Structures are given as structure tokens and as C-alpha cells.
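Read the structure below first, then the notes.
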Amino acid sequence: MNQNIAPSAGEHDEHVAPLTNEQRLMMRRMRDCPYPTSYTTVVRLELTGRLRPDVLAAALDALAVRHHALRSRFVSGPDGRARQIVDAPRPVRLERADVSGAPPAQRAEATRLLVDRLRGEPFDLAAGHLLRAALLRTEEHTWQLYLAYHHIAVDGWALRVMLEDLAALYTACLEEGGAAGATPAPAATVQSADCARSQRTAEARARAAGNIRYWRSVLAGQTQVIHWPGVSPRPRDFIGEGAVEPVRIGGDVHRALRRTAARCGASSFVTVAAALAVFLSRLSGQRDLIVSVPFFNRSEVDARAVTCLSGPVLLLCEVREEETFATLVERTADRFFDGIEHAALPVTELLDTLVREDGWTTTRTPCAAIAMQSFGFDEVAQLPGVGARLHFESVHVALTDLVLNLTESDDGIDGFALYRRALFDSATVHRWMREFTELTAALARRPDLPLEQAVPAPART
């Protein structure tokens, strides 16, 4: 991936800014990554109704006008520091195809080829314009809108903002008589560059220094490496070709986890993270584990900014088999909420310090991660006369060994485990996820028994 080298203007220019802390971490990880599409995300909006493709195209163009990150370049300046540079607006690339009259097999093949192309075409950060789209008509009133974007410009929080704004811009354009009559979209109040500059004020730097001291006190002497069974010696790299395994926690178990969370002053997420910690502890034999938790890191000021501000909270999970699940949930909640309070920092500097001063062996983030979102995308993406459902296309690069990506709803918790194929085979991960969900159900039913009694650990060979 070309992340170099165009000399940039000085940062006094309003269209030139440093990177956010989280973008800096991503740039570092991309330098070490042999997969040029590792941070490309492809989502699919299934649109049902009387869609106006011309209006949708105009709304996409207006979206790139509104949010500078979608038309920014990320380049290295003469001093070697990366910067984001906002370019003038230009139309968003939108491919269109109609296979509504084709046989089902031909429609499926056209869809597969389109997704593979979107997912397999790297973004050139130095060229910018990090949003591409494709609109595939599959039935008379059914369309598939694919959005491909780079994570350095759009994190998970920003995706929701982007979809909400796309719907609003489509509506406004439609009300003004269609694409030709649309008035230019105003720029968002807070842009990616504003977020980066706010992280570099004297006050922000002082807070970050204090937060680094906090994290050193928590993580010194710990390890982000998980000793997976059957994986020895461990590969030096932390990134590889990925595969996915579905995960589901049913409604009854979800409700039981919520009850435990309410008793313990926690959240549903913390109870699932605690259950994952028990599972990983039994797999690895480690009593203390660090699990990476993506945190959106937003305030009221930057809640509508499209950028990347999400970074990892390094959650220390201390599993003691003689203690109850409720006790583990309480302790994990304390660690998690304290971590959020101290999340404003450049993670690159923290990792460098942990290696230099505190015995960590690598600046990579932990081997396991868990993410769970409770806000929906579908409701914000609805268009006038058009229903919308969001789908994430399969991910083919695992940025760490094992990641649980989960979504919480009234019906339960659904998602998938993304894992490195070089480390684990599909049968192993399928078994692990079955065991994890069974263990989670048992812990949810017996939160006040010691872990070793609530769910006796199986013998492993």
C-alpha cells in the first residue's frame, strides 16, 4: 500500500492536520502488515422499495462534501510525520449494474465478483478519497448498495453517522426535486482534523501523560500474549489470513447476563467479556489475561465527526477459579470503567513504553479482542419509501489471533469469531465457540457459585 511520500503543506493550512492518535496506531500497524486490504471494510445495505439511483449518487457525493475524512489523503511530510490533507470534493466512485433479469446463479456470481473486487482493491492513502460504492439491482425493487471504505477514515461509530447522514442527504435531495436540483451539503461542524488537533493541546498532552502512568501501573509485568493450546512455538507476527465462525448467545442467557450485570454495577458487555476471560483462562492456563476492547472514544463535541477515534482499551482480566462469576464481573467492570476514564492517550507511546520500561516483548496489541455494539444501523439507514438492512461482508484478514465481534439486541447476542487460519483450524474454532457459549450459559445461570463449581473445567489433552 502506498502510504508515502508526497511532501505536504505546513500544518498552518486549515486543510492540513496531524493524524489522530488512533490513526497513528493504524499507520504503524499497516507498515508491519503484508495485507494491503487489512483495513478495508465492505458493508452492504439491502434496499427494498422505489429507490432513485440518481438521487442516491447525489447523496453519496454530498456525503463526501460534508465529511472531509472521506476525501482526505494521508501522507508523510518532509519531516517523516504523517499528515491528513483534505482535497477538493469530487464525485464518489459508484459502479452500477442490473442483474434483476438474470437467473439466480448468474445473480449470485455477479454479486460474488463485485464483493471480491471491492474487498480486494487496496486504497492508496496518498491518493485519498477513501470511499467507494457499488449499486447492484438484484430484483425489480431490491438493490444492494455496497460501501467500501478505509478504517483510517471511518471507524464503527463514524459508520453510523455516515449512514444517518446519507439517509438525510438522500431525503433532502429527493425533496428538492432530485439530483439536479439539490443544494450543496454543508460541511460537518467537527472534522477529522479538528479531532487530531484537539489531541495535541497542552491540556490533552498532560492528560495523556497521566493516563500512560495509569496504564503502566496496571499492565507492568503482564503479557498480551495468550498461550494457545497446540500453538508452539508461537509465530512472531500477529496478523494473518482470517476466517470466521458464527457465535450466538440466546435470549434467555442474554437476559440472565443482564440481571447479573445490573447486580454488579456492570454492563452486558462486561459480563460477556468476563465469560470470555474464563474460557481463555481455561484454554491457556493463564490466570491473568489482557483482552483488547475497541473503544469509540467520543464526546459530545466529536460525536458527529466521521474519522477514526476508536482505539483499544487493554482490559486486564484476573480469573480466580475459587471466586464467583459475579465477583469476576465486578472486578472486570471496575477495570473496564477505569480504563475508559484513562483511554485518552496515544496508544503507540504506551506500547513503546511498556516494551522499553516494563518487560513487554512486543508493541503489538493483545492476542484476543472482543467488541460488542448495542446500537443498530438499520433504523438510521432508512430512506423515504425504501427499507434498509445493513450487512457486514466477510473479513479475510485477522489483525490479531482471535476476535469476537458481537451485536446485542432484544433477541440475544449475535456475531462471529474472526481467527487466524495459520494458528487454528475451523473444527477447533467451531468447538471453541460451542464451548464458550455453553460456558457463558452456565455462568449466567450460576453467578454466585465459585467458577470451579459453576462450570467444572473439562480435562484437556
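The values are calculated or read from the model by the stated rules, or taken from the named source; none is laboratory data. Every value quoted in this text rests on a predicted model; they were computed, and no experiment measured them. Cβ sites come from the backbone with ideal geometry, for glycine too, and all protein chains shown count toward neighbours.
Of all the residues that make up region 405-450, how many are in contact (Cβ under 8 Å) with a residue 24 or more places away in the chain and either aliphatic (A, V, I, L, M) or not assigned by TED's automatic domain parsing to the domain that holds Arg255 (or both)? So the answer is 13.
Here region 410-431 is the region considered, the condition is being buried (at least 20 other Cβ atoms within 10 Å of the Cβ) and under 20 Å from Ser232 (Cβ atoms), and the residue that is nearest to the chain's Cα centre (by Cα) is Tyr419. I'd like to know if region 183-205 contains one or more residues that are farther than 28 Å from Ile85 by Cβ and either assigned to a loop (DSSP other than H, G, I, E, B) or not β-branched (Val, Ile, Thr) (or both). No, region 183-205 contains no residue that is farther than 28 Å from Ile85 by Cβ and either assigned to a loop (DSSP other than H, G, I, E, B) or not β-branched (Val, Ile, Thr) (or both).
Tell me whether region 237-250 contains one or more residues that are out of contact with any strand residue (DSSP E or B) (no Cβ under 8 Å at 6 or more places or on another chain), surrounded by 20 or more Cβ atoms within 10 Å (Cβ to Cβ) and under 18 Å from Ala417 (Cα atoms). Within region 237-250, one or more residues are out of contact with any strand residue (DSSP E or B) (no Cβ under 8 Å at 6 or more places or on another chain), surrounded by 20 or more Cβ atoms within 10 Å (Cβ to Cβ) and under 18 Å from Ala417 (Cα atoms). Among the numbered conditions (1) in the same structural domain as Asp448 (by TED's automatic domain parsing); (2) touching a helix residue (DSSP H, G or I) at 6+ places or on another chain (Cβ under 9 Å); (3) surrounded by 15 or more Cβ atoms within 10 Å (Cβ to Cβ), the only one that Gln382 does not meet is (1). Within region 280-300, one or more residues are among the β-branched types (Val, Ile, Thr) and closer than 16 Å to Glu408 by Cα. Any residue at all in region 363-374 that's charged (D, E, K, R) and either modelled with pLDDT of 95 or more or loosely packed, with under 15 Cβ neighbours inside 10 Å (or both)? Within region 363-374, none of the residues are charged (D, E, K, R) and either modelled with pLDDT of 95 or more or loosely packed, with under 15 Cβ neighbours inside 10 Å (or both). Of everything in region 89-134 that is among the hydrophobic types (A, V, I, L, M, F, W, C) and over 28 Å from the mean Cα position of the chain (by Cα), the residue that is farthest from Met26 (Cα to Cα) is Ala102. Does region 317-336 contain at least one residue that is within 16 Å of Gln224 (Cα to Cα) and part of a strand (DSSP E or B)? Looking for residues that are within 16 Å of Gln224 (Cα to Cα) and part of a strand (DSSP E or B), one finds at least one in region 317-336, hence yes.
Tallying residues that are without any contact (Cβ under 8 Å) to a residue 12 or more places away in the chain and surrounded by 13 or more Cβ atoms within 10 Å (Cβ to Cβ) within region 84-115 yields 3.
For region 400-409, a tally of residues being surrounded by 20 or more Cβ atoms within 10 Å (Cβ to Cβ) and either in contact with a helix residue (DSSP H, G or I) (Cβ under 7 Å, 6 or more places away or on another chain) or part of a strand (DSSP E or B) (or both) returns 6.
Determine whether region 116-131 contains at least one residue that is surrounded by fewer than 20 Cβ atoms within 10 Å (Cβ to Cβ) and without any contact (Cβ under 8 Å) to a residue 40 or more places away in the chain. So far as region 116-131 goes, yes, one or more of its residues are surrounded by fewer than 20 Cβ atoms within 10 Å (Cβ to Cβ) and without any contact (Cβ under 8 Å) to a residue 40 or more places away in the chain. Counting only residues that are assigned to a strand (DSSP E or B), surrounded by 15 or more Cβ atoms within 10 Å (Cβ to Cβ) and within 23 Å of the chain's Cα centre (by Cα), how many does region 385-394 have? The qualifying residues number 3. Considering every residue within region 187-204, establish whether at least one is within 25 Å of Met30 (Cα to Cα) and among the hydroxyl-bearing types (Ser, Thr, Tyr). Yes, that holds for at least one residue. Of all residue pairs spaced 6 or more apart or on separate chains, none has beta-carbon atoms under 8 Å together with a first member in region 65-83 that is surrounded by fewer than 21 Cβ atoms within 10 Å (Cβ to Cβ) and a second member that is among the hydroxyl-bearing types (Ser, Thr, Tyr) and part of a helix (DSSP H, G or I). In region 375-384, the condition of being more than 20 Å from the chain's Cα centre (by Cα), modelled with pLDDT under 90 and of a type in the set (Phe, Trp, Tyr) is met by no residue. I'd like the full set of residues that are surrounded by fewer than 24 Cβ atoms within 10 Å (Cβ to Cβ) and among the aliphatic types (A, V, I, L, M), limited to region 255-265. Scanning region 255-265 gives Ala256, Ala261, Ala262. Exactly one residue out of Glu330, Glu323 is touching a residue at least 60 places away in the same chain (Cβ under 8 Å), in contact with a strand residue (DSSP E or B) (Cβ under 8 Å, 6 or more places away or on another chain) and farther than 15 Å from Ile370 by Cα, and it is Glu323.
So which residues in region 32-59 are more than 22 Å from the chain's Cα centre (by Cα) and either on the phi > 0 side of the Ramachandran plot or surrounded by 18 or more Cβ atoms within 10 Å (Cβ to Cβ) (or both), if there are any at all?
Kept after step one, since they are more than 22 Å from the chain's Cα centre (by Cα), are these residues of region 32-59: 47-59.
Passing the criteria: Leu47, Gly49, Leu51, Arg52, Val55, Leu56, Ala57, Ala58, Ala59.
Within region 211-225, how many residues are in contact (Cβ under 8 Å) with a residue 40 or more places away in the chain and either part of a helix (DSSP H, G or I) or of a type in the set (A, V, I, L, M) (or both)? Steps first, answer last, please.
At the first step, the residues of region 211-225 found to be in contact (Cβ under 8 Å) with a residue 40 or more places away in the chain are 211-212, 214-216, 218-225.
From what's left, either part of a helix (DSSP H, G or I) or of a type in the set (A, V, I, L, M) (or both): 211-212, 214-216, 218-220, 225.
Residues flagged as in contact (Cβ under 8 Å) with a residue 40 or more places away in the chain and either part of a helix (DSSP H, G or I) or of a type in the set (A, V, I, L, M) (or both) within region 211-225 amount to 9.
Taking first residues from region 5-33 that are closer than 11 Å to Gly77 by Cβ and partners that are modelled with pLDDT under 75 and not aromatic (Phe, Trp, Tyr), the Cβ contacts under 7 Å between residues at least 6 apart in sequence or on separate chains come to Val16/Ser8; Val16/Ala9; Val16/Gly10; Pro18/Glu11. For region 335-358, the count of residues that are over 26 Å from the mean Cα position of the chain (by Cα), surrounded by 15 or more Cβ atoms within 10 Å (Cβ to Cβ) and free of Cβ contacts under 8 Å to residues at least 40 places away in the same chain is zero.
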